[in-house]
Amino acid sequence: PTAAPLTGRRVLVTSGPTHEPIDPVRYLANRSSGRQGHAIAAAAAAAGADVTLVSGPVQIPDPTGVRVIRVETARAMLAAVEETLPADIAVFTAAVGDWRPATVGAGKIKKDGAEPAPLVLVENPDILATVAARTSDRPTLVVGFAAETDDVLANAHRKIARKGCDLLVANDVSAAGGVMGGRDNTVHLVGRDGSVETWPTLDKDEVGRRLVTRFAALLPA
Ligand code: C5P
């Protein structure tokens with residue numbers, strides 16, 4: 001393998017959480033740090049790719065050599081992803097909020113009543129499934145992530161079929177493991193044929209480099 005196996009290839013990576021506004025000062029979010037997605041983007045750039053990183057709000061620096069599009073919501077992330085296509089490889093690492101508040105307060109919602117107003121949620125678009133189902137400009141390799149707290153592999157097998165992606169990277173994000181927001185990750189690579197490859201616990205930069213090497217090997221020459 002050459003030092004720059006992705007020269008001339010376009011790679012799209014999503015990373016980080018989304019923020020789904022409730023009103024101008026409040027939002028729904030999750031514990032994603034963006035470390036794994038940013039590490040994949042950095043590794044792809046180091047491998048010679050032309051990389052666009054679509055990132056939710058994170059507290060870590062931009063990877064070097066990568067075009068970064070910053071977004072807040074799932075819907076803005078989908079729009080940025082669609083604007084970035086075509087790509088050879090698309091990696092959906094972001095912990096996208098599954099739901100958003102049905103209405104967003106124009107001003108700060110006041111605690112003036114006896115009962116707090118119920119928070120009504122609606123489903124966000126599934127960015128990975130939307131891109132995987134495209135009939136034009138579908139990336140050659142569409143990679144999903146599955147952050148699970150239970151039955152990691154059983155859920156991963158179901159998810160790869162449901163999402164229509166080519167490869168799924170499953171990881172256990174139970175609180176005890178410290179993966180979400182943490183430095184290390186233990187991943188299982190699940191293929192469409194049901195194959196599973198479990199990697200040792202590695203820091204997220206090393207997971208990113210190894211994943212990029214694998215993605216490059218899966219692209220047709
Ligand atoms: O269904 P679940 O959220 O576990 O799926 C995780 C995978 O789907 C990740 O690759 C994530 O980036 C992607 N996803 C997405 N848009 C959503 C929800 C999840 O792209 N609205």
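The values are calculated or read from the model by the stated rules, or taken from the named source; none is laboratory data. Predicted, not measured: the structure shown is a model, and the values here were computed from it. Counting neighbours? That spans all protein chains shown, and the Cβs are built from the backbone with ideal geometry, glycine included. Heavy atoms of the whole protein, side chains included, go into the accessibility calculation; ligands, DNA and RNA do not. Shrake-Rupley method; radii C 1.70, N 1.55, O 1.52, S 1.80 Å.
With N set to the residue count of the stretch 61-132, report its C-alpha Rg divided by 2.2 N^0.38 Å to two decimal places.
Normalised by 2.2 N^0.38 Å, the Cα Rg of the stretch 61-132 equals 1.49.
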Output the peptides 35-41, 8-14, 100-106 sorted from most to least packed, where packing is the average of other Cβ atoms within 10 Å over each peptide's residues.
35-41, 8-14, 100-106
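Please state the charge dipole magnitude for the stretch 1-152, taken about the Cα centre, from unit charges on C-beta atoms (+1 on K and R, -1 on D and E), reported in debye and rounded to the nearest 20.
I would put it at about 420 debye.
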Rounded, prolate or oblate: which fits the stretch 99-193, taking a ≥ b ≥ c as square roots of the Cα gyration tensor eigenvalues, rounded meaning a/c under 1.5, else prolate when a/b beats b/c?
oblate
Residues of the stretch 143-163 with amide nitrogen under 17 Å from the 7 Å Cα-to-Cβ point of E123?
158-163
Kindly report the accessible area of the chain per residue (heavy atoms of protein chains, probe 1.4 Å, no ligands, DNA or RNA), in Å².
51 Å²
Proximal aspartates and glutamates relative to K204, as straight alpha-carbon distance under 14 Å, when same-chain residues fewer than 8 apart are discounted
D172, D184
Report the antiparallel proportion of the DSSP beta bridges in the chain as a percent, rounded to a multiple of 5.
40 percent
How much of the accessible area of the chain, in percent, comes from carbon and sulfur atoms when a 1.4 Å probe is used?
52 percent
